[in-house]
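S.K.: Here it is, the structure, as structure tokens.
Derivation of every value follows stated rules applied to the coordinates shown; laboratory data play no part. Since the model is a prediction, treat every value here as computed from it, not as a measurement. Note that we place each Cβ from the backbone using ideal geometry, even for glycine, and neighbour counts take in every protein chain shown.
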Amino acid sequence: MLRGAQAVFLEEHRNAPVLLDSEHAIDAMVDALIVADPLHNAAQLVSLDRQMFSSDMPDHIFLVGVSAGGQSGILSYSTGEEGALIPAGEATAPLAIYMLNTHPREFLEPTEVPIDLVRQAVKEFVLSGGRRPTCLEWREEPY
């Protein structure tokens, strides 16, 4: 049985991450990001179904951001094996900045995707045990 993922997107979640273990919980998180303060428009997810390193650190990070207005967002999937990946496609801007707990996360040449695809990708990540979502194509994140 899948355990889901932990999400951090507000200061109070640092010590008590939100459990995402259903489509309803995932939709609630995305909805919270849509209406969030601009300093909290991104979430960091860690699957509870993937291995942790011996240092108790995850072997992956999945970032989800929602742009102002809630019509689109950004995704980033990072592992030690695959590196940092963002959605494939033409860049939608030279730079996009999303805020994870008031800390800026810059994306160079990002491909922002429609909010429905953001939701679908988060659901696939959580409900597949932390696998890279296949509902979209990925490319290396430029640095």
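S.K.: Working out 0.36 nm times the residue gap between Ser54 and Gln120, then minus their Cα-Cα distance, what length gain in nm do you get to one decimal? Kindly include the intermediate steps, with their values, before the conclusion.
M.R.: Working: separation 66, 0.36 × 66 = 23.76 nm, distance 3.12 nm.
In short, 20.6 nm is gained.
S.K.: Could I ask something else about it? Sort out for me the Cα centre separation of the range 65-97 from the range 28-62, rounded to whole Å.
M.R.: 14
S.K.: Please list, by residue number, everything in the range 18-52 whose backbone N is under 17 Å from a paramagnetic label point 7 Å out along Cα→Cβ of Ala68.
M.R.: The answer is 33-42, whose backbone nitrogens lie closer than 17 Å to the label point.
S.K.: So, one more: Could you work out [θ]222 nm for the chain from helices alone, using -39500 (n - 2.57) per DSSP H run of at least four and dividing by all its residues? Round to the nearest 500 deg cm²/dmol.
M.R.: So the calculated ellipticity at 222 nm is -6000 deg cm²/dmol.
S.K.: Now for a different question. For the chain, with the dipole built from +1 on Lys and Arg beta-carbon atoms and -1 on Asp and Glu ones, taken about the Cα centre, which of Thr134, Pro38, Thr92 lies farthest toward the positive end?
M.R.: Working it through, the farthest residue towards the positive pole turns out to be Thr134.
S.K.: Could I ask something else about it? Step through the residues of the range 54-62 one at a time and calculate ³J(HN,Hα) from phi using the Karplus curve (6.51 cos²θ - 1.76 cosθ + 1.60, θ = phi - 60°), rounding each to whole Hz and writing x for Gly and Pro.
M.R.: 4, 7, 6, 9, x, 8, 7, 9, 10
S.K.: Tell me the net charge near Glu112. Cut-off is 15 Å between Cβ atoms, Glu112 excluded, with +1 for each Lys or Arg and -1 for each Asp or Glu.
M.R.: Here the count lands on -3.
S.K.: Then there is this: Relative contact order of the chain: what whole-number percent is it, with Cα pairs under 8 angstrom and at least 6 residues apart?
M.R.: 24
S.K.: Another one. Once you have the Cα-Cα distance between Leu39 and Glu23, take 0.36 nm times their residue separation minus that, and quote the gain in nm to one decimal.
M.R.: On the way: separation 16, 0.36 × 16 = 5.76 nm, distance 2.50 nm.
So the extension gain works out to 3.3 nm.
S.K.: If the chain between Glu137 and Ile97 were fully stretched, how many nm would it gain, using 0.36 nm times the residue separation less the Cα-Cα distance?
M.R.: Roughly 12.3 nm would be gained on extension.
S.K.: Also: Would you work out the charge dipole size for the chain about its Cα centre, treating the Cβ of every Lys and Arg as +1 and the Cβ of every Asp and Glu as -1, and quote it to the nearest 20 debye?
M.R.: Using only the charged Cβ atoms, the result is roughly 180 debye.
S.K.: Same structure again: Taking K and R as +1 and D and E as -1, what net charge do the other residues with C-beta under 14 Å from the C-beta of Ala68 add up to?
M.R.: Computed value for this residue: -2.
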